Structures are given as structure tokens and as C-alpha cells.
Amino acid sequence: MKETTRIIPAKQQVYLEGPKSRSYEFIFSIKVWFQFIKGFRHLHFIGPCITVFGSARFKEDHVYYQKAREFGKRIAGIGFTTMTGGGPGIMEAANRGAYENGGLSIGCNIKLPFEQKTNKYVHKSVTFEYFFIRKTLLTKYSYAFICMPGGFGTMDEFFDTLTLIQTRTITQFPIILFGTSFYAKLGEVMKDMVEQGTIDAEDLNLVLITDSVDQAMEHIQTYITGNYKIKPRKRLWWLLEKR
């Protein structure tokens, strides 16, 4: 019988593997604190964002890449910052659309066992070690999420944020699922949740599923116009933030 070995990353993420020594837990908490401070410093002055999620695997000639690029352009057109995970595929496309059309383009990357390089269309990039920090900051600085077709990571962001909205932890936060054919079965699953009584029928209204960039942007702008007023921030650089 052929023997197999598991490839272990050089830097193991062991913080979820049960209780550790007190010294390990203390040092870990300090690392988390520094990661949050790093994020606050880099993102404080970027302005209100709209975050675009989606697969890193789509190439430039794919229709979803082209649609994400259009979203970046349209987000720049309404004066918002385009934020993504900073990698290739849909992330690159949205950053590119903003970058090429005078908008601010931001990438929030993550350290992975396999290298994920930051795409070249970001004005500013910040890399985090832990997914939960990255997700918190993507939500904190965003006014809306656009979820293009993607994999587990996109679904993680979608359901995590949807749960925060459903429980009113955050409010008046539009979520777009772009790609009616791609998300058709997911829509059926959510309708079945209503039939089974695990969610309310009104919860389906928390998400807009569409193939139209125009409809998606109109939906987002309705939320923004009705619920937000952007105020200039004072130049208080108590964490030595850079504009």
C-alpha cells in the first residue's frame, strides 16, 4: 500500500485547534489586536466602500469578469470606493474597473498556504493573517456587498453578512447576488427554508438576485440615498493613518 503524506504549510494556523498554553493565547490575542490596528490605519480614510466578491478563477475573457469590471466603473461613477479581496479573477476585474475610471480601488488580501498575489489595479492593499479580521473590516467599511459567482469563500462572506443583517447587527445594508442562473439553486434552497419555517418569508427580501448591473446599482443607490449621509472625517491621525 502506497504511503501518503499530508503537506503542512510552513506557518500553521493552530489557533483553532483547542486550548493552548496561556502564553500562546496571550501572544495570539496581541497579534489579533495589532492586525485590527493595522486595518484601521490603512482603511480609515478610504471613504465609503462597496465590496465586490467572487471567484478568483475567472479570466479576462469571461462574462462575469467583464460584469465585475463594469461594477467597478459604476461604483467609481457614484463616488464610492471599490473594495475587494485584492486577488485575481472577479476581484481584479472590479478593482480594474474602478482604477481605470478614476475611482479609488482597495484590496484586503489574506495570507494563505498557497500564494495569492495582489492584483495590479489597487491603489492601496492591506494583507491580514486571519479571515475573521478581514471579514470584520470588509463589513465595517462597506455600504453594500455585490456577490458575483464564486466558491466557498464568496458563500462564507454572503451568509456571514446576511446573518448579521437578519439579526439586525447591521441594518440597511444591501446585498446583491449577481447571476440568476448561477444562484438559481441557492434561491430555491432559501425558499425551502421559508417553507420549512427556519427563516421568515420577509428574509428573502434582504437579498436581490439579478443579472442587471443597472438594477443592482439602482438598488444600492436607493439604500444609500435613503439611509446614509456621508460626512467628512476630521484629520485626527491618532494612529498615524495615511490618506
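The values are calculated or read from the model by the stated rules, or taken from the named source; none is laboratory data. Every value quoted in this text rests on a predicted model; they were computed, and no experiment measured them. Note: ideal-geometry Cβ built from the backbone for every residue, glycine included; neighbour counts use all protein chains shown. For the accessible areas, the whole protein counts, side chains as well, though only heavy atoms, and no ligand, DNA or RNA atoms are used. Shrake-Rupley method; radii C 1.70, N 1.55, O 1.52, S 1.80 Å.
Looking only at the stretch 58-79, filter to residues that are modelled with pLDDT of 95 or more, in a loop (DSSP other than H, G, I, E, B) and out of contact with any helix residue (DSSP H, G or I) (no Cβ under 7 Å at 6 or more places or on another chain); which one of those is most open to solvent (accessible area, probe 1.4 Å)? Residue satisfying both the conditions and the ranking: Asp61.
Applying the criterion of being surrounded by fewer than 16 Cβ atoms within 10 Å (Cβ to Cβ) and charged (D, E, K, R) to the residues of the stretch 117-144, the residue that is farthest from Ile224 (Cα to Cα) is Lys117.
Being closer than 30 Å to Ile30 by Cα and either β-branched (Val, Ile, Thr) or touching a helix residue (DSSP H, G or I) at 6+ places or on another chain (Cβ under 9 Å) (or both) is a property that does not hold for Phe159. If you take the residues of the stretch 8-36 that are in a loop (DSSP other than H, G, I, E, B) and of a type in the set (Gly, Ala, Ser), which of them is farthest from the chain's Cα centre (by Cα)? My answer is Ser21.
Name the residue that is farthest from Tyr183 (Cα to Cα), counting only residues in the stretch 37-55 that are open to solvent by less than 40 Å² (accessible area, probe 1.4 Å) and in a loop (DSSP other than H, G, I, E, B). Checking each candidate, the answer is Phe45.
For the stretch 80-116, filtering for residues that are part of a helix (DSSP H, G or I), open to solvent by less than 10 Å² (accessible area, probe 1.4 Å) and of a type in the set (Ser, Thr, Tyr) leaves 0.
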